[in-house]
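Below is one structure, written out as structure tokens; comments come after it.
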Amino acid sequence: MKLKNIILLGTAVMALSACDDLFEPALENNLELSEMYSDPQFARGLIDNAFLVLPYDGSSVSDVATDDAVSNDNSNNYKKMATGNWTSEMNPINQWETRYHAIQYCNLFLENIEQVKWDYTSEALNQMHLDLYRGQAYALRAIHLFYLLRAHCGMVGDQLMGVPIHLTSEDQNSDFNQPRATFKDCIDRIMTDFDEAMKYLPAKFGDVSADAVPAKYKAMGATDAEYNRAFGKLQRGKIDGNIISAIKAQVAIFAASPAYASGNAMTYAQAAKYAADYLMLRGGMSAMDPSGWKWFNDKDYIKNYKFTDPDREEIVWRGNVGDSHSMEQDCYPPMADGNGRINPTQNLVDAFPAANGYPITDAASGYDAANPYENRDPRLRAYILVNGDAIGAVGKAINSQADSPTLDGLNHENGKSTTTGYYLRKLMRDDVNLTPGSVTDQRHFGARIRTTELFLDYAEAANEAQGPTANVGGANFSAYDVMKALRYRVHNGEDWADPYLESIKNDQAKMRELIRNERRLELCFENHRFWDLRRYKAPLTETAKGMSITTNAVTSAVEYKKIDVESRIYQDYMIYGPIPYSEMLKWSNLEQNDGWSSK
């Protein structure tokens, strides 16, 4: 990439835009790099490019490569991955090119930021904008390196290796044939960049009064109006100190997990402290949003939300907010005029406990196989559309039975009807109308990071470090406390006890199983399961199952039969992804992860 011809990454990159509502105007594509010194809008365009390709997807994509879902679209690359076609050439999780492009922009920006005149009217305002964007650049470089590492780290012989670390920009004279850094070196660099970013950014963006302007800027003569221009509510949506603290906890639990523990980059005790640090910033257990488990369909909140508003407790870092019907078009059942693309599995349905909190495999659950959706955890039917439920503004009830007279029936229409007996409800607005000629959009609210995830990170790390009931890392609560609150909030307002949790509160192995299951439920269809299974070193080959429902012609009784739907074909080494084949062809110093061929 030539320094004197900084260009946008093109339409492919723009299609990946994750936060385009934050930036205007767009960066011109024909300016010399030196133009940034006198044109702060052009300078900001460099860092905008790193924002535009942030690796957050507001729709469920990777879940169909796990035991939680299948796709009825045979061209889906995650489906191909899960069914035996994952190679270093056909790799839907490849992050190599996009992340390194973003890191290049961050490096260019950091190398030139001191020469940029951010504001001609005020020395203090110039410094505040310098700090704001320098902090963003360090944080963005860390985020992109983390997602690059997650997709491409792996074992080479007996050592866990990371990816090449680029701390300076590259041009035509650079040596591109760089070896991989160790996993630990990559984690250390990520955390170092986050720590550097936090030197320049406030804990939270928001307007302040004159007496609350930080001393550093007050000494330069900054007014509250100037501070609010640089760090006030108009910056909400960018990366602040609290967001960085949350992502550090994500990085820590990743690095401490069984698949990566040999890298000696992080312990569970350290991971618990990172999560505790964030949660205590938010008030500890009081940060748990009582309705956080159904944040995606809080219509009144979403309708009235303004970009400059503080986010609700459940949202650590929001994604895009906008009117659309694309997710509903993809995932509504065909009788509601959708394509039914993502079909939850029976495996996931069975993971939801009974209403009393017991797993349905426990006799104490009261589970009735003849009425499998009754007396169940409320999240089941909030996240998954089961036979007889309705969705869409028209409110049509689905009939997903194998003998259904409608297109919603099991395997009734290739490419639209369910292959498992279930349709997706989570993440979608249930008041979108897709009727041809009467299509209506609704506002959607994306969440890149949820507070629930941080509670689950803490619970996992604390339980592994010191057991279910220990307060770890400066927190005044335990893994048991988190599980109790997460499960209770689903039944808020009811006189609900949790005898199952009480029965396992001193059993670390049982608590581990419960924490992992609660994570599976709470974060389902938010692109976590694919990565969680791998970091756990859990079995990847559990067959995706469904439910065939029929009505007995003689007795009129509804009968339920579990069926195999789709095999999961993974090899053990596939807990790690490959280095792209194209890169292996170009650079002799790159080593491929064990198990993956050069193709």
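The values are calculated or read from the model by the stated rules, or taken from the named source; none is laboratory data. The shown structure was predicted, so the numbers you read here are calculated from the model rather than taken from an experiment. Please note: Cβ atoms are built from the backbone with ideal geometry, for glycine as well, and neighbour counts cover all protein chains shown. In case anyone asks, the SASA skips ligands and DNA or RNA and just uses the protein heavy atoms, side chains included. Shrake-Rupley method; radii C 1.70, N 1.55, O 1.52, S 1.80 Å.
From Cα pairs below 8 angstrom and at least 6 apart in sequence, can you work out the relative contact order of the chain, rounded to a whole percent? Working shown, then result.
On the way: 1170 pairs, mean separation 111.2, N = 599.
Over the chain, the number comes to 19 percent.
May I ask you to compute the full-extension gain from K218 to T440, defined as 0.36 nm times their residue separation minus their alpha-carbon distance, rounded to one decimal in nm?
Details: separation 222, 0.36 × 222 = 79.92 nm, distance 4.99 nm.
Separation in residues times 0.36 nm, less the Cα-Cα distance, equals 74.9 nm.
Short version: ³J(HN,Hα) in whole Hz for each residue of segment 38-51, in order, from phi by Karplus 6.51 cos²θ - 1.76 cosθ + 1.60 (θ = phi - 60°), x for Gly and Pro, what are they?
10, 10, x, 5, 5, 4, 5, x, 4, 6, 4, 4, 6, 5
Could the peptides 339-345, 551-557, 450-456 be put in order, highest first, of the mean number of other beta-carbon atoms found within 10 Å of their residues? Working shown, then result.
Values: 339-345: 26.4, 551-557: 8.4, 450-456: 24.9.
The peptides rank, most packed first, as 339-345, 450-456, 551-557.
If amide H atoms are built 1.01 Å from N in the plane of the peptide, which residues on other chains or at least 5 residues away come under 5 Å of the amide H of R376?
When sequence neighbours closer than 5 places are left aside, the close amide H contacts are A355.
Enumerate the amide H contacts of L410 below 5 Å, restricted to partners 5 or more residues apart or on another chain; note that Pro and chain-start residues carry no placed amide H.
Q401, A402, S404
Using only the alpha carbons, work out the radius of gyration and Dmax of segment 407-544 in angstrom.
Cα radius of gyration and Dmax of segment 407-544 are 19.1, 59 Å respectively.
For the chain, what is the accessible area per residue in Å² when the probe is 1.4 Å? Intermediate values should be presented prior to the final figure.
Values: 23610 Å² over 599 residues.
Each residue of the chain exposes 39 Å² on average to a 1.4 Å probe.
For the chain, what does -39500 (n - 2.57) per DSSP helix run (n ≥ 4), summed and divided by total residues, give at 222 nm, in deg cm²/dmol to the nearest 500?
Values: 20 runs with 213 residues, N = 599.
That comes out to -10500 deg cm²/dmol.
Please state, rounded to one decimal and in Å, the Kirkwood hydrodynamic radius that the chain gives when every pair of distinct Cα atoms enters the mean of 1/r.
Details: mean 1/r = 0.0391 Å⁻¹.
Here the Kirkwood hydrodynamic radius works out to 25.6 Å.
Would you compute, for the Cα atoms of segment 456-537, the largest minus smallest coordinate along each principal axis and list the three values in descending order, in whole Å?
So the three principal-axis extents are 36, 28, 23 Å.
For D158 and S286, compute 0.36 nm times the residue count separating them, minus their Cα-Cα distance, and round to one decimal in nm. Don't skip to the answer; put the middle values down first.
Working: separation 128, 0.36 × 128 = 46.08 nm, distance 4.39 nm.
Taking D158 through S286 to full extension adds about 41.7 nm, to one decimal.
Gap in Å between the Cα centre of segment 251-267 and the Cα centre of segment 441-467?
Each part's Cα centre sits 18 Å from the other's.
Report in % the part of the accessible area of the chain that belongs to carbon and sulfur, leaving out ligands and nucleic acids; probe 1.4 Å.
Answer for the chain is 48 percent, counting heavy atoms of protein chains only.
Would you mind checking K184/K545; K299/K484; K79/K562; K238/K484 for any pair whose Cα atoms are more than 31 angstrom apart? Let's see the in-between values first.
Details: K184/K545 38 Å; K299/K484 27 Å; K79/K562 21 Å; K238/K484 33 Å.
Cα-Cα > 31 Å for K184/K545; K238/K484; rest within.
Rounded to the nearest 0.05, what FRET efficiency do L167 and E413 have when you use their Cβ-Cβ distance and R0 = 45 Å? It would help to have the intermediate numbers written out before the result.
Values: r = 53 Å, r/R0 = 1.18.
It comes to 0.25.
Under the rule a/c < 1.5 gives rounded, and otherwise a/b versus b/c splits prolate from oblate, where does segment 142-299 land using the Cα gyration tensor? Please report the intermediate quantities before stating the final value.
Working: a/c = 2.36, a/b = 1.43, b/c = 1.65.
Taking the square roots of the gyration eigenvalues as a ≥ b ≥ c, segment 142-299 is oblate.
Once amide H atoms are built 1.01 Å from N in the peptide plane, which residues 5 or more positions from G319, or in another chain, come under 5 Å H to H?
G446, A447, R448
Would you mind computing, in nm to one decimal, how far apart the modelled labels at D323 and N85 are, each placed 7 Å from Cα along Cα→Cβ?
In this crude spin-label approximation the distance works out to 3.8 nm.
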